[in-house]
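> Let me begin by handing over the structure; questions about it come next.
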Amino acid sequence: MFILLIMSLFISCSNAKKDLSNVLFPVKKENILSGIDYTEKKSILDKSLTAYQVKDMNAFILYGQSFTNEIKSNSATYAGKNYLEFLGDSKNINGYKIHLYTPKESEELEKLLLEKLGKPAFDKGNETERNIIWETSGKLYILNNGNAEIQGEKTKESDLLCLNTNFTTLIINATQNTKYSEYLKFRIKNNKKVENYPYSIYNKEEN
């Protein structure tokens, strides 16, 4: 009985999913990707960073919730299969991206973030396309979602970036064509920190 109990605990621990909401940046790459199958490439948002795309999202959850799904059976990544990638360098991870092609998961992700993170610092757009940004201690969440058509299927597509707040260049690239990007440029120019100078203050001053 004792041996069976130990084996059960071992299996349970080995199958435990990593909750992304508990990740504090920077985090050692091996603490996140050890034992995980992934592909490596340059980030399209910042060529100085590496993107580690996880081949199976099942090992990860966000606030206890899983977002693995696909538009059609056996869909390829970038063509209907939800995916996760981490952003960093050869030693540390400083962010991640969750991309969702499926409407149910997209709606659940937006609802979950509003519930867990509260009122956004920035929220612009409509059902066609919406940009939502939350400022938290040490992290910035950038959610872009909207209507799309993937493999002939009408859907709601979402892209979530969670980044170390120190990664201002990457954040500016990720928020282009929004007033939040202008705020970041102003913050850098004036050597201000998000903790002391959030977007809400900048918005009031500009208006």
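Taken together, the values in this text are just the output of simple stated rules run on the coordinates, not laboratory data. As the structure is a prediction and not an experimental result, all values here were calculated from the model. Every residue, glycine as well, gets a Cβ built from its backbone with ideal geometry; the counts of neighbours run over all protein chains shown.
> Only Lys, Arg, Asp and Glu count, each charged at its Cβ (+1, +1, -1, -1), so figure out the dipole size of the chain about its Cα centre, rounded to 20 debye.
On the way: 28 positive and 26 negative charges, 115 e Å.
So the dipole magnitude of the chain works out to roughly 560 debye.
> Here's another thing I want to ask about it. Any idea how far apart E149 and K119 come out in nm if each label point goes 7 Å out from Cα toward Cβ?
Once both label points are built, they end up 3.9 nm from each other.
> What share of the DSSP beta bridges in the chain is antiparallel, in percent to the nearest 5? Working shown, then result.
On the way: 50 of 53 bridges.
Counting DSSP beta bridges with both partners in the chain, the antiparallel share is about 95 percent.
> Right, something else. What's the extension gain from D89 to Y63 if we count 0.36 nm per residue and subtract their Cα-Cα distance?
On the way: separation 26, 0.36 × 26 = 9.36 nm, distance 2.51 nm.
Gain on extension, D89 to Y63, equals 6.8 nm.
> Which ordering of R130, R187 is given by a fewest-first count of other beta-carbon atoms within 10 Å? Mind showing how you got there, number by number?
Numbers: R130 15, R187 19.
By the 10 Å Cβ count, ascending, the order reads R130, R187.
> Now for a different question. Given a cut-off of 21 Å, what percent of all Cα-Cα pairs of the range 23-102 lie beyond it?
On the way: 841 of 3160 pairs.
Of the Cα pairs, 27 percent sit more than 21 Å apart.
> Moving on to the next point. Viscosity 0.692 mPa s, temperature 37 °C: Stokes-Einstein D of the range 17-170 from its Kirkwood Cα radius, in µm² per second? Provide the component values of the computation, followed by the final result.
Details: Rh = 15.8 Å.
For the chosen part, D equals 207 µm²/s.
> Where in the range 149-207 are there chymotrypsin sites (Phe, Trp or Tyr not before Pro) that are in a DSSP coil and have at most 10 other Cβ atoms within 10 angstrom of their Cβ?
On the way: sites: F167, Y180, Y183, F186, Y199, Y202; in loops: F167.
Answer in residue order: no site qualifies.
> Okay, moving on. Quick one: check the C-alpha center-to-center distance for the range 55-131 versus the range 181-205, whole angstrom.
26
> Something else about it: Connecting C-alpha atoms closer than 10 Å in a GNM of the chain, tell me which of N74, N92, N147 has the biggest fluctuation.
So, out of N74, N92, N147, the one fluctuating most is N74.
> At 222 nm, what helix-only mean residue ellipticity would the chain give, in deg cm²/dmol to the nearest 500, using -39500 (n - 2.57) for each DSSP H run of four or more? It would help to have the intermediate numbers written out before the result.
Working: 6 runs with 59 residues, N = 207.
Helix-only estimate at 222 nm: -8500 deg cm²/dmol.
> Ok, one more. For a quick check: with amide H placed at 1.01 Å from N, whose amide H comes under 5 Å from K81's, ignoring anything fewer than 5 positions away on the same chain?
Those lying under 5 Å, H to H, from K81 are I71, A76.
> Compute the FRET efficiency between K193 and K55 as 1/(1 + (r/R0)^6), taking r as their Cβ-Cβ distance and R0 = 30 Å, and round to the nearest 0.05. Intermediate results must be reported in sequence, preceding the final value.
Details: r = 37 Å, r/R0 = 1.22.
According to the calculation, E is roughly 0.25.
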